[in-house]
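Enquirer: What follows is a structure written as structure tokens; I'll ask about it next.
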Amino acid sequence: MSDRIFNEGEVQKLIKRAAELEAERSVSGKDSGRNGLTIDELKAVASEAGLDPELIVKAALELDSEQTHPKERVRVNREEISSEVWLDYQPSRETVDLLVTELNHMYGTTDELNWWDNLWGTHEGKAKVTKTASTTEWDYKTEAGMYSTRVLMQRRGDRFRIRVSKRRFMGLEWGNSLNYLIPLVPVAVVFAVLGGLTSSSVLGIEWPGITAGLLLALGCYPIVRFLTKQFLKKHKNEVAETARQLSDFVLQSSVSKSKESSSGKSRSASEIEIPDDNQDSDVQSFKLRNNLRE
């Protein structure tokens, strides 16, 4: 077996199996009633296997992100579309402020309200940001006021909550069956008028043309229903995509901070050098002070 050459697929299987065996050995050597490993134990296993321990942290964060995928949590509750994500991570206040900036960039708006907006309490085309000790809320309205999007970013214990919701003008419901019939009203009126005029000019009476126009409009119902469902799907995807991008931003910032922390520690340890015993004491103290200062 020592002369055998393993291909790429076999190498991946061997490394995966070796990690599983190491995990089983680590668990059996510690608490027999526990079924699993902590993140520190996984990092130790990765280090023994010659892998970067920080990759374990990144993989764990990506796993948390997959388990709380926002597209699986999109809800339509009458007048509101919402998507909620919970992360096992507490971002800093600076990161939360960056999330607000990211939202402004995504929606092409600003949260800087002028005196007129504050006077009348309206902010069409802009976002209104409200902050407390543990909560930041971003509320955006389109320029026409037809839609409003609200994002709640909240710290709860050791977890971080991101909730994105979207509403329509005057609280119109998203999933109401009347939504399919409302667009048919102007279509039916137009078809009935055109049918009546045509029938009157040809037959001298209006009602056959009006009836035909109404029946033709009714035949458009499947098309209108399809377009309305696509309309709802579009807004659901927008809410889900907003929640996903925000959660990815938080996870990426946590990975970056973890790498910066680990690299900072390694630099601090490598910069402190122990001078040679044969050197002069003044030279030793001078070099040590320089290393610590750097």
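Okay, residues lined up against (1) among the charged types (D, E, K, R); (2) at pLDDT below 90:
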site	(1), (2)
Glu124	yes, yes
Thr135	no, no
Pro183	no, yes
Ser201	no, yes
Cys220	no, yes
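Enquirer: Please go through segment 91-109 and give me each residue that is more than 17 Å from Arg161 (Cβ to Cβ) and part of a loop (DSSP other than H, G, I, E, B), ordered by number.
Expert: Gly108, Thr109
Enquirer: Sticking with this structure for a sec: Hey, can you tell me all the residues within segment 157-181 that are polar (S, T, N, Q), surrounded by 15 or more Cβ atoms within 10 Å (Cβ to Cβ) and either modelled with pLDDT under 80 or in a helix (DSSP H, G or I) (or both)?
Expert: Asn179
The values are calculated or read from the model by the stated rules, or taken from the named source; none is laboratory data. Note that the coordinates shown come from a computational prediction; the quantities given were computed from them, not determined experimentally. Cβ sites come from the backbone with ideal geometry, for glycine too, and all protein chains shown count toward neighbours.
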